[in-house]
Amino acid sequence: MTILHTIGDFVRDGLGLIPLSYIRILFVAILVALLLWVLMLPNRETTPPDTKPTWANNLKTWAAITLLLQIAIYSIF
Amino acid sequence: MTNLANLDYVMLAVYLIGTMALGVYIGRRLKTGSDLFLAGRSLPWWAIGMSLVATDIGGTDIIGVGGQAYRYGMAVSNFEWIGCIPAMIIAAFVFVPFFWRTGVYTIPELMERRFNVGARTLLSFCWVVFMACNLGIMLLASAKLMSVLLGWDQSMAIWVTAIMVGVYTIFGGLAAVVYTDVIQCAVMIIGCLIVLVIGLAEVGGPAGLRASLEKLEQERVVASSAEDPGGEDTEAISEDDKYLALVLPVDTKTPFPWTGILFGLAMILSPAYWIGNQAIVQRSLGAKSDYQAKAAYVMGALLKNIIPIIVAVPGLIALIKFPELRDGDHAFPTLVAQLLPSGLRGVFLASFLAALMSSIDSYLNSSASLLTNDFYKRFARPDATDRQLLLIGRIVTTLLLMWAIYFAFLIIHMESGIYAIFQTLMAFFQGPALAMLMTGLLWKRATGTGAIVGFLGGICTAVTLYTLNQPAVYQAMGWKPLFQIEEPFLYFSIWAFLVALVLIIVVSFLTKREPDEKIRYCVFGEIKKETV
């Protein structure tokens with residue numbers, strides 16, 4: 001045993017105590033937080049500068065769909 | 001799999017001739033080095049988005065991911081889902097538009113503007129060595145798989161792949177790479193989708209697949225109960241036994257514990273790959289505008305949602321249909337050989353070749369970009385014209401291709417584990433590279449000396465952990481292994497990143513602050529609002 005083993009065992013044992021259901025919530029929460037961040041981005045950052053903004057050319061729409069699919073996947077599996 | 005009909009060969013030939021013709025056609029319009037390496041900054045978002053996905057999914061990945069799903073279940077999908085999508089979305093809105101506005105050719109070039117020439121050279125050197133060796137490995141991996149699938153001699157397969165990819169990459173540069181990737185991405189998705197649909201029909205659709213997997217899980221639990229009758233709660237199905245589970249415990253028997261997936265993959269290797277890998281970022285630098293660069297990454301992220309479904313699920317179908325396979329990597333080829341009629345087998349083989357070629361061409365073009373811009377132009381000919389850079393770029397691409405062929409033949413008789421070794425090598429420097437990039441772009445106090453010390457310290461940490469985890473070493477020392485899982489490369493990257501980060505912070509505080517003209521290359525600095 002070395003100090004590296006001691007650190008590794010401590011970290012592994014500590015993380016192993018967290019119930020897996022909490023970890024699944026954490027995975028989903030990260031994706032939800034990212035979705036909220038995307039939705040709060042200013043429109044000038046997500047639409048083309050020289051074209052009239054629509055839902056189709058607003059990148060928020062597609063990023064949100066992508067993240068919603070991820071949230072659904074990690075909520076189910 | 002070698003029993004191909006004439007129709008299969010026709011499908012293959014149509015795809016190969018079409019791809020090469022497109023690449024050569026694009027090459028006729030190239031006039032400058034910027035055309036070769038950044039496609040003259042003319043690429044549309046949809047082409048870059050498809051190219052990002054095609055580059056990321058190599059032929060070995062199709063076989064490998066299907067194989068991992070066969071062995072461990074859907075947890076391997078984390079590499080395409082949480083291990084890609086969050087990093088791509090953040091890259092799309094924060095980093096990629098910033099890179100585009102700086103007008104750089106390479107990421108190491110940006111590190112010189114933010115830090116110093118030492119940081120640029122070190123980072124570029126690591127990427128060039130990795131990419132150059134990886135080119136040889138990809139050629140060899142392609143040849144090995146083609147020898148199994150098509151019955152070709154391995155040496156001939158190396159030459160054929162190298163010449164096909166080399167011709168359009170040398171002549172057409174990044175534009176040819178990206179537009180051929182579009183075809184390759186479409187062919188790859190169609191080919192894998194055909195396998196998925198036919199496979200699902202064979203096992204009774206998604207409901208039939210799920211029911212069969214649950215039955216297998218029960219059998220797995222009963223088998224392990226028989227092996228360990230004294231164990232507690234042996235009849236319950238744990239998350240580790242579920243084939244569809246994505247989040248696996250710390251002590252999982254697979255290489256995918258949640259700790260490695262979240263901290264190693266999602267937080268380090270994935271951002272390092274999507275924000276710092278020249279082969280990935282380069283195509284977004286060639287976008288028409290920063291909006292198009294952002295849109296490309298968002299499109300790539302959207303496409304990523306379907307990749308595990310078409311690549312990993314066939315591995316699970318193979319598990320139901322052919323549970324006795326000795327090697328998980330035979331799952332996808334067996335499925336193709338047994339289920340697909342002639343003609344469709346040719347489509348799948350074309351999709352497989354597409355996946356192989358799209359990764360090789362990208363690494364070839366990007367490593368040539370690094371060598372030409374970060375070494376030749378930086379040190380040998382700073383006054384080289386754009387036209388001279390076109391010629392040099394093509395010469396360097398040719399030399400790299402020759403090196404890759406040589407390296408492939410050099411390692412052809414080595415153990416098959418060489419591919420895994422080089423993936424581990426990438427994990428060694430990706431964590432430290434991310435620490436250098438993130439501190440440089442997000443922290444104004446970071447200094448060039450700190451970046452270099454941190455980068456080298458992080459690599460030394462990863463190498464030390466790797467060495468101490470080798471059975472020969474820890475057995476000789478009388479220790480137990482440092483890591484409890486198979487292939488702990490995700491953990492190497494976590495510790496390497498953390499050590500690099502701490503060193504960069506400490507050394508930066510001990511050294512003189514960088515001048516304002518360097519600090520303006522932070523993401524939230526002046527470049528945020530201007531285009532260079």
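All of the numbers you see were taken from the coordinates with simple rules; none came from a lab. These numbers come from a predicted model, not from an experiment. Please note: Cβ atoms are built from the backbone with ideal geometry, for glycine as well, and neighbour counts cover all protein chains shown.
Between amide H atoms placed 1.01 Å from N, distances below 5 Å from B:V104 occur with no residue 5 or more places distant or on a separate chain. Shape call for region A:20-76 from the C-alpha gyration tensor, a ≥ b ≥ c root eigenvalues: rounded (a/c under 1.5), prolate (a/b greater than b/c) or oblate? Since a/c reaches 1.5 and a/b is larger than b/c, the shape of region A:20-76 is classed as prolate. What's the longest piece of chain B with no exposed trypsin sites (Lys or Arg not before Pro), counting a site as exposed if DSSP puts it in a loop and it has at most 10 other beta carbons within 10 Å? Within chain B, the longest run free of exposed trypsin sites (Lys or Arg not before Pro) spans B:29-325.
Adding -39500 (n - 2.57) for every DSSP H run of four residues or longer, then dividing by how many residues the protein assembly as shown holds, sets the calculated 222 nm ellipticity at -23000 deg cm²/dmol.
Over chain B, the pair-distance histogram of Cα-Cα distances with 10 Å bins from zero comes to 4, 18, 28, 27, 15, 6, 1, 0 percent, rounded to whole numbers.
State which entries of A:K52/B:K444; B:K253/B:K321; B:K144/B:K294; B:K294/B:K444 exceed 27 angstrom in Cα-Cα distance in the structure shown. Violating the 27 Å limit, Cα to Cα: A:K52/B:K444; B:K144/B:K294. Against the longest principal axis of chain A, how steep is helix A:20-40, in degrees 0 to 90 to the nearest 10, with axes from Cα atoms? In chain A, helix A:20-40 runs at an angle near 30 degrees to the longest axis. Here's the list of aspartates and glutamates a cross-link from B:K288 could span, going by alpha-carbon distance under 18 Å and ignoring same-chain residues fewer than 8 apart: A:E45, A:D50, B:D35, B:D181, B:E530. Across region B:193-332, Cα-Cα distances exceeding 20 Å account for 64% of all pairs. Membrane-span-like helices in chain B, defined here as complete DSSP H runs extending at least 27 Å along the helix axis by their C-alpha atoms with mean Kyte-Doolittle hydropathy no lower than 0.5, are B:6-27, B:117-150, B:154-202, B:344-370, B:386-410, B:418-442, B:448-468, B:489-510; this is a sequence and geometry rule, not a statement about a membrane.
The Rg/Rh ratio of region B:321-393, with both radii computed over alpha carbons and Rh defined as the Kirkwood radius, is 1.35.
In this structure, the amide hydrogen of B:L248, modeled 1.01 Å from its nitrogen in the peptide plane, lies closer than 5 angstrom to those of B:W258, counting only residues at least 5 positions away or on a different chain. Only Cα sites of the protein assembly as shown enter the Debye sum here, all with the same form factor; the resulting log10 I(q)/I(0) across q = 0.09 1/Å is -0.72, listed in q order. Available extension along the chain between B:A211 and B:L391 is 58.9 nm, counting 0.36 nm per residue and deducting the alpha carbon span.
What Kirkwood Rh does region B:77-197 have if only Cα atoms enter the pairwise 1/r average? Answer in Å. With all distinct Cα pairs of region B:77-197 included, I get 17.8 Å.
One equal scatterer on each Cα of region B:1-45, no solvent, Debye formula: the resulting log10 I(q)/I(0) at q = 0.13 Å⁻¹ is -0.48.
Eigenvalues of the alpha-carbon gyration tensor of region B:158-233, scaled by 5 and square-rooted, set the equivalent ellipsoid semi-axes at 47, 19, 10 angstrom, largest first.
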